[in-house]
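J.: One structure, as structure tokens, below. Some questions next.
The values are calculated or read from the model by the stated rules, or taken from the named source; none is laboratory data. This structure is a prediction, so every number in the text was calculated from the model and none was measured. Note that each Cβ is placed from the backbone with ideal geometry, even for glycine, and that neighbours are counted across all protein chains shown. We work out accessible area using only protein heavy atoms, side chains counted, and drop any ligands, DNA or RNA first. Shrake-Rupley method; radii C 1.70, N 1.55, O 1.52, S 1.80 Å.
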Amino acid sequence: MLFESFPKSWSALLREEARKEYLFLLEKKVEEAYASSICFPSRENIFEAFTLCKPQEVRVVILGQDPYHGSGEAHGLAFSVRQGIKIPPSLRNIFKELESEFGIDLTRTTDLTFWSKQGVLLLNSVLTVEKDKAGSHSKWGWEEFTNAVISFISKENKQVVFVLWGDYARKKKGLIDLSKHAVIESAHPSPLSSYRGFFGSKPFSKINAQLRSWEMAEIKW
């Protein structure tokens, strides 16, 4: 079953949610979808963000919406694609902002696993999608589960930077304890909104400045 592959390091979260009916219904829908259609990411990568980043290691949460729906793109980390895959527009704009902030070369790796290994949870609100059908697995229960993830991190962790890009992500702000955590928000890096406040917002510099203020190591972007 789907959640049998959920990392044991997050078992405290799963124990709490496993009692709720929505999780059973979500698991059933996802199992049926993967059996009857082409879905992304591959089953073994659905929980990759959690596998790479244990809860006690989370220092930054960057929230996406749902996985890329093109062949070979999604691999379980929000905004990331494996090396060699064509760069999606949102990720290209993220790299443009990084280049503006730090002079980082845009030919860098598109696989953001190295961010995850530094404590950056690249979390999509919806963790699966049908091929070529954006948002096709939304309102199945994934949102409720990932809201629980955000609430769990907010409650259990001491100091985390939450990055909310766009109106969809900003709606999650109420799940975060602002008395101990920091929120960085702006327009989304998608082509439709990147020029309305994402470019020039310097999110990565702000993240590192916040981490320094907490006497934590910076992220090596």
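J.: For the residue pair Lys202 and Glu57, what label-to-label distance in nm results when each label sits 7 Å from Cα along the Cα-to-beta-carbon direction?
T.: 3.0
J.: How high is the relative contact order of the chain? Use alpha-carbon pairs under 8 Å, at least six apart in sequence, and give a whole percent.
T.: 22
J.: Take each of the peptides 45-57, 196-208, 7-19, average the number of other beta-carbon atoms within 10 Å over its residues, and list them starting from the highest.
T.: 45-57, 196-208, 7-19
J.: Something else now. Near Lys220, which lysines are there with a Cα under 19 Å away, not counting those fewer than 8 places off in the same chain?
T.: Lys54, Lys96, Lys117, Lys202, Lys206
J.: In the full protein assembly as shown, how much of Glu21 is accessible to a 1.4 Å probe, in Å² to the nearest 10?
T.: 130
J.: Over all alpha-carbon pairs in segment 5-147, figure out the percentage whose distance exceeds 26 Å.
T.: For segment 5-147, the fraction of Cα-Cα distances above 26 Å is 24 percent.
J.: For segment 58-73, what does the Karplus curve 6.51 cos²θ - 1.76 cosθ + 1.60, with θ = phi - 60°, yield as ³J(HN,Hα) per residue in whole Hz, taken in order and with x for Gly and Pro?
T.: Taking θ as phi minus 60°, the curve returns 5, 10, 9, 10, 10, 9, x, 9, 9, x, 4, 10, x, 4, x, 8 Hz for segment 58-73.
J.: How many angstrom lie between the Cα centre of segment 138-173 and the Cα centre of segment 58-119?
T.: When both Cα centres are located, 19 Å separates them.
J.: Further question: List the residues whose amide H sits under 5 Å from the amide H of Phe162, counting only those 5 or more places along or on another chain, with H placed 1.01 Å from N in the peptide plane.
T.: Amide H neighbours of Phe162, under 5 Å, 5+ apart: Val61, Ala182, Val183, Ile184.
J.: Rounded to a whole number, what % of the accessible area of the chain do carbon and sulfur atoms account for, probe 1.4 Å?
T.: In the chain, the share of accessible area belonging to carbon and sulfur is 51 percent.
J.: May I pose another question? Hey, can you grab everything whose amide H is under 5 Å from the amide H of Lys131? Only 5+ residues off in sequence or another chain; H modelled, so Pro and N-termini drop out.
T.: It is Ile38, Cys39, Phe40, by chain and number.
J.: Just to confirm, what accessible area per residue do you get for the chain at 1.4 Å probe, in whole Å²?
T.: Ligands and nucleic acids excluded, the result is 48 Å² per residue.
J.: Convert each backbone phi in segment 110-123 into a coupling constant with the Karplus relation 6.51 cos²θ - 1.76 cosθ + 1.60 (shift: θ = phi - 60°), then list the ³J(HN,Hα) values in order as whole Hz, x for Gly and Pro.
T.: In residue order, the calculated couplings are 8, 7, 8, 3, 5, 5, 4, 5, 9, x, 9, 7, 8, 9 Hz.
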